[in-house]
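To keep things clear, I will list the structure first and then write my remarks on it.
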Amino acid sequence: MISETKTLVIGALGQVGSELVEQLRLKHGNDQIIASDIREPEHDFAPFEVLNVMDAEAVKTVVEKHNIKVVYNLAALLSATAEQNPAFAWELNMAGHFNVLNLAKDGIIDTIFWPSSIAVFGPTTPQNQTPQDCIMDPNTVYGISKLAGERWNQYYFEKYDVDVRSLRYPGLVGYKALPGGGTTDYAVDIFHKALKDGNYTSFLSENTELPMIYSGDAIRATIEIMEAPKDAIKVRSSYNLAGMSFTPAQLANAIQQHLPDFSINYEPDFRQPIADSWPSSIDDAYARKDWNWKPAYDTEGLVKLMLDNLRELVV
Ligand code: SER
């Protein structure tokens, strides 16, 4: 039972981590959830440990110090940043994953959450309603590292009975934390710029459709898959997960329903080919069937929620 054991969140200051720690602490109590990241937090986030996931000994020390049984390992370079530094991205994304997988293999921890991504798909993957199992030919460093990580999940589960659980996150859109270095970041930036400046220059072209999800839904999916009974988790590589899909033009249009003067223009950059290699929409039937996944937010609901919550924050 997760509530009786201590949990470590690695990468707790990132987009997923900050919201996940908040939700886990609400559920299980502050003391049960140890947050960690490579840098010190700027606000009180205790209990907190500065931790480099690439340092296997340091990870083990923190795990043993707090009697951790569950680890969420969220430390990674995202797609756009990884393309700027491929060798480091590969090292961070893989070495960190092994350090945590090996703690479970050695019986020191019980359960791992590790996020995968829609980036595991590639140019010859079926683009619409991309199924769980299909051609996967990622052509980004980030995608390659996530696909390799998925295969190691499956391997550690089959060979060593490691209880590792994973989701292929679509682009995360939320108001609580800013994204860092992804190709889907535009879908968060656009709200900040819409409220602040009344216009936005999109780095993706107007008809680039990508799978997205409200971050609160993604966090709920994460907690739900981790709370599901072990034998309900049939997919041990990583589950497809869907929320909604939209293009920059469709998102801008939905924002204009609330802010009629908002305008958008398009200046695609190096992130355009990354987006072009990813699916437009995702079939998450396995997640729905195995552990009852159901998203709560569609595009209209998301836009209203984002504007309502950011209105006071963005000036
Ligand atoms: N949001 C991520 C990115 O754009 C995809 O997992 O890199």
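Need the C-alpha centroid separation for the stretch 164-182 versus the stretch 271-303, integer Å. So the two Cα centres are separated by 12 Å. For the stretch 18-64, the orientation-averaged shadow of the C-alpha convex hull comes to 3.4 nm² (one quarter of the hull surface).
Net length available on complete extension from Ala228 to Glu267 is 9.7 nm, with 0.36 nm assigned per residue and the Cα-Cα distance removed.
Each principal axis of the stretch 25-112 carries a Cα extent, and these read 38, 34, 22 Å when sorted largest first.
Karplus-based coupling profile of the stretch 75-90, in residue order and whole Hz: 6, 6, 8, 7, 4, 6, 5, 4, 5, 7, 8, x, 5, 5, 4, 4, with θ = phi - 60° in 6.51 cos²θ - 1.76 cosθ + 1.60 and x standing for Gly or Pro. Here the 3J(HN,Hα) profile of the stretch 233-249, calculated from phi with Karplus coefficients 6.51, -1.76 and 1.60 at θ = phi - 60°, is 7, 8, 9, 9, 6, 5, 7, 4, 9, 10, x, 7, 9, 7, 9, x, 5 Hz, Gly and Pro shown as x.
Across the stretch 258-289, the residues whose backbone nitrogen lies under 16 Å from the label position 7 Å along the beta-carbon direction of Lys196 are 263. Modelled spin-label separation between Asp189 and Glu57, with each label point placed 7 Å from Cα along the Cα-to-Cβ direction: 4.1 nm.
Scaled to the compact-protein estimate 2.2 N^0.38 Å, what is the alpha-carbon radius of gyration of the stretch 121-161, rounded to two decimal places? Could you put the intermediate results ahead of the total?
Working: Rg = 11.8 Å, N = 41, 2.2 N^0.38 = 9.0 Å.
Normalised Rg, Cα atoms only: 1.31.
Considering only Asn73, Asn292, Asn139, the Gaussian network model of the chain with Cα springs below 10 Å gives its largest mean-square fluctuation to Asn292.
Pairwise alpha-carbon distances in the stretch 243-282 exceed 13 Å for 63% of all pairs. Computed with the Debye formula from one identical point scatterer per Cα of the stretch 251-315, without solvent, the log10 of I(q)/I(0) at q = 0.12 Å⁻¹ comes to -0.54.
Averaging the sequence gap over all C-alpha pairs within less than 8 Å and six or more residues apart, then dividing by the number of residues, gives the chain a relative contact order of 18 percent. Between Ser205 and Asn139, the contour length at 0.36 nm per residue exceeds the Cα-Cα span by 21.8 nm.
Arrange the peptides 207-215, 157-165 so that the one whose residues have, on average, the most other Cβ atoms within 10 Å appears first. Let's see the in-between values first.
On the way: 207-215: 22.7, 157-165: 16.7.
Answer by packing, highest mean first, reads 207-215, 157-165.
Most mobile of Phe98, Phe270, Phe121 per a Gaussian network model of the chain (Cα springs, under 10 Å)? In the Gaussian network model the winner is Phe270. Amide H neighbours of Leu167 under 5 Å, counting only residues 5+ apart in sequence or on other chains, H built in-plane at 1.01 Å? Distant-sequence amide H within range of Leu167: Trp114, Ser116, Tyr239.
For Tyr266, the residues whose modelled amide H falls within less than 5 Å of its own, excluding neighbours fewer than 5 places apart on the same chain, are Ser202.
For the stretch 1-141, the tally of Lys pairs with Cα-Cα distances below 16 Å comes to 7, considering only residues 8 or more apart or on different chains. Candidate cross-link partners of Lys289 among the lysines, defined by an alpha-carbon separation under 17 Å and a same-chain spacing of 8 or more, comprise Lys230, Lys234.
The peptide list 293-301, 166-174, 190-198, put in order of mean Cβ contacts within 10 Å with the highest first, becomes 166-174, 190-198, 293-301. Per residue, the convex hull around the alpha carbon atoms of the stretch 1-158 comes to 130 Å³. With θ taken as phi - 60° and the Karplus curve 6.51 cos²θ - 1.76 cosθ + 1.60 applied, the whole-hertz 3J(HN,Hα) list for the stretch 184-194 is 8, 4, 4, 6, 9, 3, 4, 5, 4, 6, 4 Hz, x standing for glycine and proline. Per the Debye calculation on the stretch 200-315 with a single equal scatterer at every Cα and no solvent contribution, log₁₀ I(q)/I(0) for q = 0.11 Å⁻¹ amounts to -0.46. Taking the average, over residues, of other Cβ atoms within 10 Å as the packing measure, peptides 278-287, 219-228 rank 278-287, 219-228 from highest down.
Cα extents for the stretch 80-153 along the principal axes, largest to smallest and rounded to whole angstrom: 41, 29, 13. Each 20 Å bin from zero holds the following percent of Cα-Cα pairs in the chain: 34, 59, 7. Close amide H contacts of Ile282 (hydrogens built in the peptide plane, cut-off under 5 Å, sequence separation of 5 or more or a different chain): Gln129, Thr130. Rg/Rh, computed from the Cα trace of the stretch 109-209 with Rh as the Kirkwood radius, has the value 1.06.
Put a dot 7 Å past the Cα of Ile108, heading toward its Cβ, do the same for Lys294, and the two dots end up 4.1 nm apart. Taking Rh as the Kirkwood radius computed over C-alpha pairs, what is the Stokes-Einstein D of the stretch 154-233 at 4 °C in a medium of viscosity 1.567 mPa s, expressed in µm² per second? After rounding, the answer is 86 µm²/s.
Since every read-out is calculated from the coordinates, none of them should be taken as a lab result. Because the structure is a prediction, the values reported are computed rather than measured. Every residue, glycine among them, receives a Cβ derived from its backbone with ideal geometry; neighbour counts consider all protein chains shown.
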